[in-house]
Amino acid sequence: MASAAAAPTSLSLAARAATRAAAAAAATPLRRGGLAAACQPAARSLAFAAGDARLAVHVASRCRQAAPSARGTRAMATMAKKSVGDLTEADLAGKRVFVRADLNVPLDENQNITDDTRIRAAVPTIQYLIGKGAKVILSSHLGRPKGVTPKFSLAPIVPRLSELLGIQVQKADDVIGPEVEKLVSALPNGGVLLLENVRFYKEEEKNDPEFAQKLASLADLYVNDAFGTAHRAHASTEGVTKFLKPSVAGYLLQKELDYLVGAVSSPKRPFAAIVGGSKVSSKIGVIESLLEKCDILLLGGGMIFTFYKAQGLSVGASLVEEDKLELATSLLAKAKEKGVSLMLPTDVVIADKFAPDANSQTVPASAIPDGWMGLDIGPDSVASFNAALDTTQTVIWNGPMGVFEFDKFAVGTEAVAKKLAELSGKGVTTIIGGGDSVAAVEKVGVADVMSHISTGGGASLELLEGKELPGVVALDEAVVTRSKL
Ligand SMILES: Nc1ncnc2c1ncn2[C@@H]1O[C@H](COP(=O)(O)OP(=O)(O)O)[C@@H](O)[C@H]1O
Ligand SMILES: O=C(OP(=O)(O)O)[C@H](O)COP(=O)(O)O
């Protein structure tokens, strides 16, 4: 396994001895000064330079346990939001509750839902509210319409949502206005009214205060459960909170924050992050942020070729971002400095063209011929990644290991999905951070066993980059500070 430690192949006995000494020190009880000694930069980098991932991880892990980062504490603070579960029957019975959900599900050409995950994910919050006698005014966007566009109507959502809730959901043909107000007035306690696509109004994405006020005027209080849209400061996700109190987080939003912020900032260790996808440029923020928190970082996907080239390897016709070579070098150096075991694949599956029927072969990472492009990680890399993952207690995964859309180059990605499923079964916390990795996990049929699968691609990326989401920031603070803080 190539590593950020400049992959030393022949290690001096002294380095190995120092590694073990550092690890032994880390294992020594605090009162004897073992951890303090192991946390010395020299001890950590020796453990790392010795190329012994398990020992280096152990040392790094112990060091982090001793000194949780201020950044982690700040991130936890974003979670301390009032939750829908804090609202009692007295708060809710007979009240009109504006619920922003993300019902932006894929539809086929006949308007059939091809994946209802986001609808199912919205159910617990709605169920709770109607169970307490609230009147739910449900709002969502669908797609990115420019004005009123029938193919982006939320009408196809109604049958499935009704089925899941066990009640007939009513549907408004507009978002605001007298007709909608009439429907709201007629809504019984425990009823649900789905408003039309909120993006049919351009004011939504502009976060227009007047529009936000009109939305707010329909209700008495606000619940945001639209995690997939929480990174957007729109009228229905952010603006409306200025006019409705309380404004609280729904169960889905809370769960996403608990995993993508909570479990990532205060993980059970060792903590591994797997980052793949096409380009290093789109994952810089995530990698930099995770380097502050994880013990092991496994890299795959198209981005690895920029790292190889930065290390002087030939990459043939593989995807490379020439302007990110220095960045790749600095990320490798940062991993070393932080004591993170950064692992790059040692072998790759290469293709003679970018196509599902390309000719392919597996070669060492150092032997990619001219004209060939790497489209997947190879079996040796899968074995090394699996061995590293076997040492972990928490794993977060964002981005495929290869061009998994082509069966021939999906093996590495599917192997990671299977490994995480296996680890999940053994009690390891497994978090799938949105985007294509979710599709991969679903393709392999192991979605149900993961600890958490994010319902938002862009939103989860932003959270993993350490950013705060406007739709979360705008919500009321929890009254009781969480014990983890
Ligand atoms: N070696 C590779 N060369 C080119 N593209 C790749 C390679 N590995 C993965 N990809 C592509 O990366 C895409 C996903 O990248 P990205 O959007 O960054 O990830 P995510 O959606 O998980 O955030 C997939 O379409 C996949 O085909
Ligand atoms: O599908 C969504 O995000 P995602 O594609 O990043 O998972 C959300 O519904 C947000 O949609 P938007 O990116 O049009 O604001």
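The values are calculated or read from the model by the stated rules, or taken from the named source; none is laboratory data. Please read all numbers here as calculations on a predicted model, not as lab measurements. Note: ideal-geometry Cβ built from the backbone for every residue, glycine included; neighbour counts use all protein chains shown. We work out accessible area using only protein heavy atoms, side chains counted, and drop any ligands, DNA or RNA first. Shrake-Rupley method; radii C 1.70, N 1.55, O 1.52, S 1.80 Å.
With each pseudo-label sitting 7 Å past Cα toward Cβ, what's the ALA478-ASP323 distance in nm, one decimal?
4.2 nm
Collect residues whose amide H, placed 1.01 Å from N in the peptide plane, falls under 5 Å from the amide H of TRP372; neighbours closer than 5 in sequence don't count.
Residues meeting the amide H criterion: ALA317.
Using θ = phi - 60° and the Karplus relation 6.51 cos²θ - 1.76 cosθ + 1.60, list the HN-Hα couplings for segment 125-132 in order, rounded to whole Hz, with x at every Gly or Pro.
Rounded to whole hertz, the list is 5, 5, 4, 4, 5, 6, x, 9.
With each label point set 7 Å from Cα along the Cα-Cβ vector, what nm distance links ASP258 and GLU181?
4.0 nm
How charged is the neighbourhood of PRO400? Take every other residue with its Cβ under 11 Å from the Cβ of PRO400, and add Lys/Arg as +1 and Asp/Glu as -1.
Net local charge, PRO400 excluded: -3.
Relative contact order (percent) for segment 393-473, with alpha-carbon contacts under 8 angstrom and 6 or more residues of separation?
29 percent
Simple spin-label model, 7 Å along Cα-to-Cβ: LYS146 to ALA333 in nm?
Taking the simple label geometry, LYS146 and ALA333 are separated by 4.6 nm.
Under the 0.36 nm per residue contour assumption, what length would be gained going from the current alpha-carbon distance of ASP357 and ASP448 to full extension?
Working it through step by step, the gained length comes to 29.6 nm.
Just need the relative contact order of segment 328-485 here, percent rounded to a whole number, with Cα pairs under 8 Å and 6+ apart.
15 percent
With θ set to phi - 60°, apply the Karplus curve 6.51 cos²θ - 1.76 cosθ + 1.60 along segment 442-458 and write out the HN-Hα couplings as whole Hz, x wherever there is a Gly or Pro.
5, 4, 7, x, 10, 4, 5, 8, 6, 5, 8, 10, 5, 8, x, x, x
Solvent-accessible area of GLU422, probe 1.4 Å, all protein chains present, reported in Å² to the nearest ten, please.
For GLU422, the solvent-accessible surface is approximately 80 Å².
Given segment 263-391, what percent of its DSSP beta bridges are antiparallel, to the nearest 5?
In segment 263-391, DSSP labels about 55 percent of beta bridges as antiparallel.
Near the amide H of ASP347, under 5 Å away, which other amide H atoms are found, from residues 5 or more places off or on another chain, if H is placed in the peptide plane?
So ASP347 has HN proximity to ALA365, GLY378, SER381.
For a quick check: with amide H placed at 1.01 Å from N, whose amide H comes under 5 Å from ARG96's, ignoring anything fewer than 5 positions away on the same chain?
For ARG96, whose amide H was placed from the backbone, the distant partners under 5 Å are LYS135, ASP220, LEU221.
Quick check for segment 172-284: number of Lys pairs with alpha-carbon distance under 19 Å, counting only pairs 8 or more apart or on different chains?
So the count works out to 7.
Read phi for every residue in segment 374-387 and hand back ³J(HN,Hα) as whole Hz from Karplus 6.51 cos²θ - 1.76 cosθ + 1.60, θ = phi - 60°, with x for Gly and Pro.
x, 10, 7, 7, x, x, 5, 5, 4, 5, 5, 4, 4, 4
Any chance you could run the full-extension gain for ASP86 through GLN213? It's 0.36 nm times the residue separation minus the Cα-Cα distance, nm to one decimal.
Full extension from ASP86 to GLN213 adds 43.3 nm.
Give, as a single signed number, the net charge of other residues whose beta carbon lies under 9 Å from the beta carbon of LYS82, with Lys and Arg counted +1 and Asp and Glu -1.
-2
Taking Cα pairs under 8 Å and at least six residues apart, what relative contact order does segment 188-256 come out at, in percent?
35 percent
Report the gain in length on full extension from ASN112 to ALA439: 0.36 nm times residue separation, minus Cα-Cα distance, nm rounded to one decimal.
Taking ASN112 through ALA439 to full extension adds about 115.9 nm, to one decimal.
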